[in-house]
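What follows is a short report on a single structure.
The values are calculated or read from the model by the stated rules, or taken from the named source; none is laboratory data. Quick caveat: nothing in here was measured; it's all calculated off a predicted structure. A quick note on method: Cβ atoms are made from the backbone with ideal geometry, for glycine too, and the neighbour counts reach across all protein chains shown. Side chains included, ligands, DNA and RNA excluded: accessible areas come from the protein's heavy atoms. Shrake-Rupley method; radii C 1.70, N 1.55, O 1.52, S 1.80 Å.
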Amino acid sequence: MRDQSTTEPPRIVPPTETRGASWWRRNLAWLVPVAVLIFLLVVTSVVFTFWRTDQVAVRPGSVEDVPSRVTVTGAEVYPPESEIALVTVKVSQRLNIWQRIGAEFESGVDIEPERTFTGGGTRDELRRLNELRMETSQHTAVVVALEHLGYEIPRHASGVIVADAMSGTPAAEVLERGDVIVGIEGVPASDLNDLAEVLALRSAGQTVVLDVERADSGEVEAVAVELIESSDEPGRALIGVGARERVDIGDLPVQVEIDSGKIGGPSAGLALTLGIIDLLTPGELMGGQRVATTGTITFDGSVGAIGEVDQKAIAAERAGVDLLLVPVLNLSDALDHVSGDMQVVGVETLQEALDALAGN
């Protein structure tokens, strides 16, 4: 006879599915919020990665020596030991949200709307425009440098090139970058003064007929444009375009070729001019210092203001530049972004730039 007191009751083991279901029921209260949170984090990460804002990051660029980029034929050259340099900036593609947040914490970076640079156009259009601006800058720098050195350069204006049409204006509907205005109201327009004389007799809201040499075909067309009012000078009528003069140059006594690489825009004009002068004259124009400069140049030797001078000043200082020459109109902004020993001098003309170099 068995001893019933020592006999254990049979153990019943629940099926695996039952144990698992029980675990899920016990933990459902916190699992659902965690799953939702993970889902939201994944969605947010994807959105932040692929959703592009309308903003770009403008960063300090590089400092590029000029004379090494210049090739001269027809004159003796004097390669300098200390070269003058131009300064660049880097403009990013449209930022995604992660990049936009990260850029906020970068030193020396500005965040700006992309249309500040493209004017509402495409990146390809901006690239072509900057290539055109650099070609014009090179062309002008060569003429200004050679004339400073005593060469006679035959040249004359032959029209006004449309660089940009202001977004939202009547001109933007009928004019394109690269078009050349060669006449207004039947009067030939070889330069900006010719346009200004006719516009001075007109009022905003009136329509004028321009003779326009089209960029794509070279054909001259009559184009009607409604004038707008200047935001700076009430009552003054404007076409509503950014423009520069087209200047035809005769044969040059000295051939100068400049390899700008991928650098575009007009702000290297002063640096190119000084670099050519330095290369064609004996001695050390830079006086043994590392000098950089930024600023446009015109045929009369005037130095014009440029954009992004803060990033250019930072780039020059980081590169160990001793002296930075900037347009007078940009001097205050440049000084606000310099913290070390680099000297910054504002100039209005080529001669002032040469005087600044002679004094250092």
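I need a count of the residues in region 198-225 that are at pLDDT 90 or above and either within 17 Å of ASP179 (Cα to Cα) or loosely packed, with under 12 Cβ neighbours inside 10 Å (or both). Write out each step before concluding.
Taking region 198-225 and keeping what is at pLDDT 90 or above, we get 198-214, 219-225.
Applying the additional criterion that residues be either within 17 Å of ASP179 (Cα to Cα) or loosely packed, with under 12 Cβ neighbours inside 10 Å (or both) yields 200-201, 203, 205, 207-214, 219-225.
Number satisfying all stated conditions: 19.
Here is a yes/no grid of residues against (1) within 30 Å of GLU284 (Cα to Cα); (2) in a loop (DSSP other than H, G, I, E, B):
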position: PHE39; (1), (2): no, no
position: TYR78; (1), (2): yes, yes
position: GLU81; (1), (2): yes, yes
position: LEU86; (1), (2): yes, no
position: GLN93; (1), (2): no, yes
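Scanning region 304-349 for residues that are open to solvent by 60 Å² or more (accessible area, probe 1.4 Å) and not in a helix (DSSP H, G or I) gives ASP322, HIS337, SER339, ASP341, GLN343, GLU348. State which residue is farthest from GLY265 (Cα to Cα) when the search covers only region 108-120 and only residues that are of a type outside the set (A, V, I, L, M, F, W, C) and touching a strand residue (DSSP E or B) at 6+ places or on another chain (Cβ under 9 Å). Ranking the qualifying residues of region 108-120, first place goes to GLY108. Checking each residue in region 325-347 for being touching a residue at least 40 places away in the same chain (Cβ under 8 Å) and among the aliphatic types (A, V, I, L, M) picks out LEU325, VAL347. Within region 153-184, the set of residues being over 22 Å from ARG123 (Cα atoms) and free of Cβ contacts under 8 Å to residues at least 40 places away in the same chain comprises VAL182, GLY183, ILE184. Note down all Cβ pairs under 7 Å where the first residue falls in region 112-136 and is under 27 Å from THR273 (Cα atoms), the second is in a helix (DSSP H, G or I) and of a type in the set (Phe, Trp, Tyr), and they're at least six residues apart or on different chains. The qualifying pairs are LEU126/PHE117.
Looking only at residues in region 235-257 that are part of a loop (DSSP other than H, G, I, E, B) and more than 26 Å from GLU176 (Cα to Cα), the one that is most open to solvent (accessible area, probe 1.4 Å) is ASP251.
Scanning region 112-129 for residues that are surrounded by fewer than 18 Cβ atoms within 10 Å (Cβ to Cβ), not in a helix (DSSP H, G or I) and not small (Gly, Ala, Ser) yields GLU112, PRO113, THR122. In region 34-83, which residue that is closer than 30 Å to THR116 by Cα, at pLDDT below 90 and not hydrophobic (A, V, I, L, M, F, W, C) is least open to solvent (accessible area, probe 1.4 Å)? Residue satisfying both the conditions and the ranking: THR53. Just to be sure before I move on: is LEU132 under 14 Å from GLY264 (Cβ atoms), part of a helix (DSSP H, G or I) and out of contact with any strand residue (DSSP E or B) (no Cβ under 6 Å at 6 or more places or on another chain) in the structure I sent? Considered against the rule, which asks whether it is under 14 Å from GLY264 (Cβ atoms), part of a helix (DSSP H, G or I) and out of contact with any strand residue (DSSP E or B) (no Cβ under 6 Å at 6 or more places or on another chain), LEU132 comes out as yes.
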